[in-house]
Amino acid sequence: MSGAHESTFAGLRGQLQEAAAAFADGPDALEGILLGIVDDVDRAVREPLEIFPVCHHSPASALAMARRLREKQPKVVYLELCEDMAPLLTELRNCRLPVAVQAFATEIDGFPAEWSPLSVVAPITEASAEYQAIAYALDTPGVELVLVDRSSDHVFQWDARGTHSAEPPAQNGGADAPPAEEEAALHGDAVGVEIGDLRPRFAELEEHLLRHGKVRHWSEWWHQYVEVPLGDSDHDTYRQVMLLIGSLFRRLAPGEPNRVRVDEDRERYMWTRMRAHLAATGADPADCLYVCGAFHAASRVAEFGVHGTDTFEIGPRTATTWQHGLIPSSHAAIEAQFGLAAGSVSIAATVWAKNVKRTRVQPYRLDGQTGTKKPARPRKTAVALAPVPQTSPPTDKLTGFLRQPPVLDGLDEAELLGWSVEIVRAARRNGYLASTADAIAVFETSILLAGMRDRAKPTPYDFQDAAVTCIEKDTVPGRRDVRRLVDIMMGGDRTGQVGYDALPPLARDVHDRLAPLELKLQQRGVQRALLDIAAQPELERCSDVLWMLRYLMPHGAARPIMGERKLGERPIQESWDLALGTHQRALIELGYEGVSIEQVLEQRLRRTAYGSQATTATVLETVEDAALYLRSRRLADELGTRALEVLAAERSVDGAPEVLRRVRRLLSHYRTSEPVLPQWIESFVKTGYAHYCTLLPTACTDEDATVRQVAAMLGFLFSMEGLALSLGCDRTQLELAVSQSHPEDPSKTALLWAARTQLGHLSRADLRAKCDALLGNPLVVPAYPRYLSGFLHALEPVPGLADFVVEAVSNAFGRLPDPVLLPWLPTLIGTLRSDGAELAPLLIREAGRIFPGRLAALDAWTPPWRSQPEAHTAEPTPGADTGHGVTLLAAHPATCDALAGLLGCDGTWQTAPPAPHGATLTRAHPDTAIALEALLAGR
Amino acid sequence: MSDLLRAPAEIKYAEELDWLESVDDNPKPFSWRLSPKMIRLFILGSERSDGLDREIPQKWFGDRSFVERAIVTLASDRGLLLIGDPGTGKSWLAELLSAAISRNSTLVVQGTAGTTEDHIKYSWNVSMVIAKGQSRESMIPSPIMTAMENGAIGRFEELTRSTSDVQDALISILSEKYISVPELDSDNIVFAKPGFSIIATANSRDRGVNDLSSALKRRFNFVRIPVVTNKKSEAEIVRFRTEELLRRHQIELDVPPNLLDVLLQSFADLRASAAAAGSDDEKLESALSTAEQIGVLEDAVLHSNFFGERALTAHTLASSLVGSLARREPEDLAILNKYLHGVVEPRSKEEGGSWPEFLAGGRDAIATLS
């Protein structure tokens, strides 16, 4: 055997040795590389378990695979794909390809928390070798499909640097890169795994190959120099050439060490798994087929082969719970994820379809595969061909292949003409002034360009260049340029769809529950749903589902056009824009979180409420959402209790306005809908009352607390006061808190004055006097607007002060000097617009009440606050006031005497003779007066 | 050394073109002197793998597909319109193409606001008309007409600068490929020989001044030449052109590589800031093209050769940068001032090298100007 072993590639070896000697003056690295490549090929070819090297999105690989499967009829197919994805593959038949197999984990254990959620996708297209293998293995009785690559868990375990976006970004970029389309984001931020990644791993080699191939990017090079020559080659040639390419890239540039380590570990993993399977089932290696990327086929690890060493220890998975499903994919998404040139996957699909037709090879297709035409006649698999025993030793096909001149695909004139006419029509539809003359020019230019690039037949890429040259002018008239139009014409993007049966239970449940809408929600695009709930009460259930979807899904998946959901309201009519088909991935990923959307929503609400970032306001929001979407009193109570805990632990007042708004809304909801208030909300009001009383003095002096927040605190205290007092709170606490507050900020001071007015500590008149004093003092006038904004905010806690605020604002307009007033006006309007949405109507209503309604009435009008002073002057002055009580005492001395007797004092009554104070003084010290008199008389 | 200040490409590379013609065995369209592949090789340079006995240097730097598309267009029925920002090498490419195809790159019409139809078709030698009457002898053919008669490439520079009626005179030339001379009774049509085509250039910044009519647009294939933003190839271009200039001026002076880096980096920075600018006032008036860089470097080299210490310094480079880019006062000066203090100053503190000197030079130049 070893003799034959030596001789298979002996000729090639000799030639390469000579070549190495000629180019590099003697045996050295070059010879090592060249002969090493032959060794790799030789080793892989001799392996008793047949290795079938593939390249991703290569129609040649797919075609060779289909041929080989028909010929060999293997009993076991080993496939390089994450082993945990196996159960899903049969669901592929329910989908329209391309779709991606996804492994998804949100509850992670053993990985850094910031990696969550983990997601791995393996996109599968119809024009791929792996699909052929899967279809063959799943639909042929007695054939086993074994996935042997590392599990999704290991993908992240081996991702040592923590950069799980290890794939290089698209390299086809440059100025010509088309704008990212929506379809390109179909995979989200998942890590892509792909069978047969084959690309040089250092930029210089790729650049060199591109330059000499006279092509623009890698996909084109591959198409030109591998795809086309291999198109019709026999199995041995195909296999040896692919092995050669894999080995070449590997030996020339293995890439960075970390990546090599992962690659080699994967090879060890796969071979270990395969040997274990062979040992367990006792299968004959000759009946098996191992499908892997050409890069892995040329492996040199010790574990390689059926007789390799068993030294590799497969590590255990982490405790992370993995969910699996199928998500829709698209050509653009695959190109974007794996850094392929735009349009290359579409072109591969077109080439595949053409090759299938031309070579009459019957490809495998899963039974009942959706999105494809039914085969015209029953497939041959029923009449299984007898496998051809491969007894003949492998022969050297490489030498011949390497020596033959480049295969020139003959010019397909009809096809090119068709393309030229088609692109001109497409360009015209998109606003270009293109005519038949352009079609002729494109045709001619394509052939000339292909000639310049040493090819007889223009490739789709040459055609694209020609079309751009002849049709593109200085501006792009429409949305798409010519380059993009050619992409679309060459097959365009195709977006896959996951069929109903392959959906997770949650997604199926959603579709079932939305069935009464009678819409084809599986389709892509936006659909309008009209729900007349008053006429068809059963649609209310659909409405519930839609509102939950709106909450859970990305924007645009379910968008209400008419109708809203508020606490205490019932829907009558609603209309929705639904795009569930477009957002299928999001729906499927929801399915990983639970079996029904209610469950997922509940989990999400809980997660928000119990998260470390939760504030009282966010927890109250979840309470509201629970009541609104789930109508669940149980969950709302649980979350409400949680809100109470959070409030008790909170030390800042940042969320006060939001808390006030939400708790008011919830209170009014429960007051109207429930016989008694829930326990938690009573406790919440009690705790809140005490809480905000405690924080008030600090918030007043704290520079970080805004006046709006303080106003909201006071609002809580005043508006919940009735309930709080009935539950056992003490008003003294509030009074003490207010008297302890000594704000320095003018707006907060004004706010506090308003609070004291509300509490009865400050009369309206005093408040007015304070404001007058402010306006009268030239040193404080510039700060007056800030007092005013304090008053405006005071409308929230003390709405009864609205007339006073109108007065203050009017005074400001009347008395403030222009340099102070004018700069402040925009601030006033801005504040009212942003913060005072609820306050402005109150203010305007009050102003409407106070000011005259007609222009004529304005002349005779005096503001009510101006007419009041007379009423005030009628009151006794403070000076006269002092004698008031004394007179009374003198008139009725009995009470006082009795009290004095009781206290043991012997009270005597003095009568103070009313005498002018100044006169007494002059009488006691007359000198000054005399001197003054003399002075005045002297004049 | 020729006694021409600037020799056209066909004279400058005459020997190289002769040699290429002698080894060229590929099919040649019309009366072309070289085959399309050889033209590409002449413009983009050769490599070892091309199997030639001598090395052909690269003369135009840019994406190879632009050159291929341009050559193929000339081999077809249509004219070629190179469009792009000023200083992207459009005219140089046009010159190289016509030199390689017809060995004559001087059949040029310069489009200006004053260009008339006569400049494109023909005019008359008035004294000869008076003496002998109108005849083919007394006719002065335009460069385009000469190109037609010889089956050569005619060039039209800055097509969009000339008025629409003048542009439209090209329509009949490009489609019928003849010019009729109604003044003559006989022999009154000049037919174009095979090989005739037109390479026009247009400045994309002038768009909207004199828009091309759609009839003319469809007789041209547009090849858009972008501004080179790839640092590596830009460095190559600047080095190539500067060496050429130094040779032309017979100056013995080295451009230190680190100064070249400083120049490239500063242009890259200024381009980035121009891209981020909101209005025209926030960006420099200059297009910041590669040609502009070469201009700055040339200016600095000449300055240091004749007025300096015969060695290029960062100080001189900075002052010539400011001098060339500050065109509007105060907008451009303000931008340069902002650039020097916002970008160069932190960098000179961090990286050192030539940056501190560059900063000082820039400051001095701005101080002089403002």
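The values are calculated or read from the model by the stated rules, or taken from the named source; none is laboratory data. Computed from a prediction, not measured in an experiment: that's the story for all the values here. Using ideal geometry, Cβ is built from the backbone for each residue, glycine included, and neighbour counts are taken over all protein chains shown.
Brief remarks on what is shown
- Residue count, region B:58-79 (criterion: more than 9 Å from chain A (Cβ to nearest Cβ) and in contact with a helix residue (DSSP H, G or I) (Cβ under 7 Å, 6 or more places away or on another chain)): 7
- Qualifying residue in region A:709-722 (condition: in a loop (DSSP other than H, G, I, E, B) and of a type in the set (A, V, I, L, M)): yes
- Test: residue in region B:120-137 that is touching a residue at least 40 places away in the same chain (Cβ under 8 Å), under 30 Å from A:T475 (Cβ atoms) and touching a Pro at 6+ places or on another chain (Cβ under 9 Å): yes
- Selection count, region B:321-348, where residues are assigned to a helix (DSSP H, G or I) and either of a type in the set (G, A, S) or in contact with a Pro (Cβ under 8 Å, 6 or more places away or on another chain) (or both): 5
- Candidate set: region A:448-461, residues that are assigned to a helix (DSSP H, G or I) and closer than 16 Å to B:P36 by Cα; chosen: the one farthest from the other protein chains (Cβ to nearest Cβ): A:A450
- Pairing residues of region A:506-526 that are at negative phi and among the aliphatic types (A, V, I, L, M) with residues that are assigned to a helix (DSSP H, G or I) and surrounded by fewer than 17 Cβ atoms within 10 Å (Cβ to Cβ), at Cβ distances under 8 Å and at least 6 apart in sequence or on separate chains, gives A:L521/A:H511.
- Listing of strands (runs of 3 or more DSSP E) fully contained in region A:24-118 that carry 2 or more residues being modelled with pLDDT of 85 or more and farther than 30 Å from A:A319 by Cβ: A:50-54, A:76-82
- Among the candidates B:S180, B:S204, B:S172, B:S197, residue that is in contact with a Pro (Cβ under 9 Å, 6 or more places away or on another chain) and polar (S, T, N, Q): B:S204
- Selected residue (criterion: surrounded by the most Cβ atoms within 10 Å (Cβ to Cβ)) from residues of region A:735-766 that are in contact with a Phe, Trp or Tyr (Cβ under 7 Å, 6 or more places away or on another chain) and modelled with pLDDT under 90: A:S747
- Hey, B:V108 surrounded by fewer than 22 Cβ atoms within 10 Å (Cβ to Cβ), within 17 Å of the chain's Cα centre (by Cα), modelled with pLDDT of 90 or more and away from every other protein chain (no Cβ under 14 Å) or not: yes
- The residues on offer are B:A287, B:A318, B:A275, B:A311, and the sole one that is closer than 18 Å to B:A365 by Cα and either in a loop (DSSP other than H, G, I, E, B) or of a type in the set (G, A, S) (or both) is B:A318.
- Options A:T445, A:T436: the member that is hydroxyl-bearing (S, T, Y) and more than 10 Å from chain B (Cβ to nearest Cβ): A:T436
- Every test in (1) more than 21 Å from A:D745 (Cβ to Cβ); (2) surrounded by fewer than 19 Cβ atoms within 10 Å (Cβ to Cβ) is passed by A:L832 save one, and that test is (1).
- Comparison of B:V296, B:V301 shows that the only residue that is over 21 Å from B:E329 (Cα atoms), in contact with a helix residue (DSSP H, G or I) (Cβ under 7 Å, 6 or more places away or on another chain) and of a type in the set (V, I, T) is B:V301.
- Count - residues of region A:721-771 that are in contact (Cβ under 8 Å) with a residue 24 or more places away in the chain and acidic (D, E): 4
- Any hit, region B:90-100, residues being among the aromatic types (F, W, Y) and either within 12 Å of another protein chain (Cβ to nearest Cβ) or touching a helix residue (DSSP H, G or I) at 6+ places or on another chain (Cβ under 6 Å) (or both): no
- Residues (surrounded by fewer than 18 Cβ atoms within 10 Å (Cβ to Cβ), within 11 Å of another protein chain (Cβ to nearest Cβ) and part of a helix (DSSP H, G or I)) located in region B:15-51: B:R48, B:S49, B:D50
- Residue match in region A:250-265 (condition: over 25 Å from A:T311 (Cβ atoms), in contact with a Leu (Cβ under 8 Å, 6 or more places away or on another chain) and either of a type in the set (S, T, Y) or not in a loop (DSSP other than H, G, I, E, B) (or both)): yes
- Inter-residue pairs, beta-carbon under 8 Å, first surrounded by fewer than 19 Cβ atoms within 10 Å (Cβ to Cβ) and in region A:564-586, second at pLDDT 90 or above and aromatic (F, W, Y), 6+ apart: A:R565/A:W547
- Test result for B:F191, touching a residue at least 40 places away in the same chain (Cβ under 8 Å), of a type outside the set (S, T, N, Q), surrounded by fewer than 21 Cβ atoms within 10 Å (Cβ to Cβ) and more than 10 Å from every other protein chain (Cβ to nearest Cβ): yes
- With respect to the conditions (1) of a type in the set (D, E, K, R); (2) surrounded by 14 or more Cβ atoms within 10 Å (Cβ to Cβ); (3) not in a helix (DSSP H, G or I), B:E252 falls short on a single one, namely (2).
- Candidates A:V306, A:V301, A:V291, filtered to the one that is in contact with a Pro (Cβ under 7 Å, 6 or more places away or on another chain) and within 30 Å of A:I33 (Cβ to Cβ): A:V306
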